[in-house]
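> Starting off with a structure, shown below.
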């Protein structure tokens, strides 16, 4: 008689989406509810995810006709952002999922779980593989919808007032952000010198884009200065992104608390992990998360997840 106790079953899929996107869709409750079913006659009406070692994961799985349902959940034993998730189920069986980037838009997802003793191994493997295949479809559809090229015209364009550093600032910022470019450069003429005091040929304004968002940099003289009352947030999926933007924008500038910094032109930025909003919206951990990041300058995602 075949024993299924402690038998390890492996299912896998190659997902055509970046590992950061795959991780987000796998761990966000709102997304889990959309892909966590093996067939169209099942759904997941409820999902909770406390993504940290010792935190709980829960998915309520039900037949759409209401004939049957159950809670699937466990306690996390290991969490490495964009790399690994491991948890123990209520019956002490273990589950391990690895996420391996195989290119900028390809991720290999492998799940290894211990079989239960009621149903045949092939039935269990087939069910878990069907759910993983459904995730693959969801992730690839989401990735296409969010990465397809778009032609946009910004309704609102921030205008940044500099003394005489507008062009230098525009070139500095466009060197940091992808999908960025310098646009039109306008210059002061002879007219109006008695008002603006700028020599003819001096740069008046520079239009530029940062990751598709339009900006204008204006040379208006030393009258107005930047302050923390206005800042720009940079949402980051990974620690590498946070490290990159923090390092680049701090060159010649200064670090602040809670992800804030001032660049060398005095403009304030916030370099923030995208997962922060999700963590703060969880009443069971928001206090710990806030207490943790209030002690940080540059954000540390792993520390936030452990909070």
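> Residue 221 fails exactly one of the following numbered conditions: (1) assigned to a helix (DSSP H, G or I); (2) loosely packed, with under 15 Cβ neighbours inside 10 Å; (3) in contact with a helix residue (DSSP H, G or I) (Cβ under 8 Å, 6 or more places away or on another chain). What is the number of that condition?
Condition (1) is where residue 221 drops out.
> Let me ask something else. Suppose the filter is outside the structural domain of residue 274 (by TED's automatic domain parsing), out of contact with any helix residue (DSSP H, G or I) (no Cβ under 7 Å at 6 or more places or on another chain), surrounded by fewer than 17 Cβ atoms within 10 Å (Cβ to Cβ) and in contact (Cβ under 8 Å) with a residue 40 or more places away in the chain; does residue 212 pass it?
In short, yes.
> Restricting attention to region 267-296, which residues are in a loop (DSSP other than H, G, I, E, B) and either surrounded by 15 or more Cβ atoms within 10 Å (Cβ to Cβ) or touching a helix residue (DSSP H, G or I) at 6+ places or on another chain (Cβ under 8 Å) (or both)? Working first, answer last.
Looking only at region 267-296, we keep the residues that are in a loop (DSSP other than H, G, I, E, B), and these are 267, 274, 281-285, 294-296.
Once the filter is applied, which keeps residues that are in a loop (DSSP other than H, G, I, E, B) and either surrounded by 15 or more Cβ atoms within 10 Å (Cβ to Cβ) or touching a helix residue (DSSP H, G or I) at 6+ places or on another chain (Cβ under 8 Å) (or both), region 267-296 yields 267, 274, 282, 285, 296.
> Does residue 206 qualify as being under 22 Å from residue 50 (Cα atoms), modelled with pLDDT of 95 or more, in contact with a strand residue (DSSP E or B) (Cβ under 6 Å, 6 or more places away or on another chain) and outside any helix (DSSP H, G or I)? Let's see the steps before the verdict.
Working: under 22 Å from residue 50 (Cα atoms): no; modelled with pLDDT of 95 or more: yes; in contact with a strand residue (DSSP E or B) (Cβ under 6 Å, 6 or more places away or on another chain): yes; outside any helix (DSSP H, G or I): yes.
No, not satisfied.
> Could you check, for region 178-190, whether at least one of its residues is on the phi > 0 side of the Ramachandran plot, at pLDDT below 95 and either exposed (fewer than 12 other Cβ atoms within 10 Å of the Cβ) or outside the structural domain of residue 32 (by TED's automatic domain parsing) (or both)? Write out each step before concluding.
Step one: list which residues in region 178-190 are on the phi > 0 side of the Ramachandran plot, which gives 179.
If we keep only those that are at pLDDT below 95 as well, we get 179.
So of that shortlist, the ones also either exposed (fewer than 12 other Cβ atoms within 10 Å of the Cβ) or outside the structural domain of residue 32 (by TED's automatic domain parsing) (or both) come out as 179.
So far as region 178-190 goes, yes, one or more of its residues are on the phi > 0 side of the Ramachandran plot, at pLDDT below 95 and either exposed (fewer than 12 other Cβ atoms within 10 Å of the Cβ) or outside the structural domain of residue 32 (by TED's automatic domain parsing) (or both).
> Could you tell me which of the residues 167, 228, 191, 200 is assigned to a loop (DSSP other than H, G, I, E, B) and under 36 Å from the mean Cα position of the chain (by Cα)? First the steps, then the outcome.
On the way: 167 fails: assigned to a loop (DSSP other than H, G, I, E, B); 191 fails: under 36 Å from the mean Cα position of the chain (by Cα); 200 fails: under 36 Å from the mean Cα position of the chain (by Cα).
Exactly one of 167, 228, 191, 200 is assigned to a loop (DSSP other than H, G, I, E, B) and under 36 Å from the mean Cα position of the chain (by Cα), namely 228.
> Name the residues in region 56-82 that are in contact with a strand residue (DSSP E or B) (Cβ under 8 Å, 6 or more places away or on another chain), assigned to a loop (DSSP other than H, G, I, E, B) and in contact (Cβ under 8 Å) with a residue 60 or more places away in the chain, would you?
Step one: of region 56-82, the residues in contact with a strand residue (DSSP E or B) (Cβ under 8 Å, 6 or more places away or on another chain) are 56-64, 68-79, 82.
With assigned to a loop (DSSP other than H, G, I, E, B) added as a condition, the list becomes 64, 68, 82.
Scanning region 56-82 gives a single hit, 82.
The values are calculated or read from the model by the stated rules, or taken from the named source; none is laboratory data. Since this is a predicted model, take the numbers as computed values, not measurements. Glycine also receives a Cβ, built like all others from the backbone with ideal geometry; neighbour counts cover every protein chain displayed.
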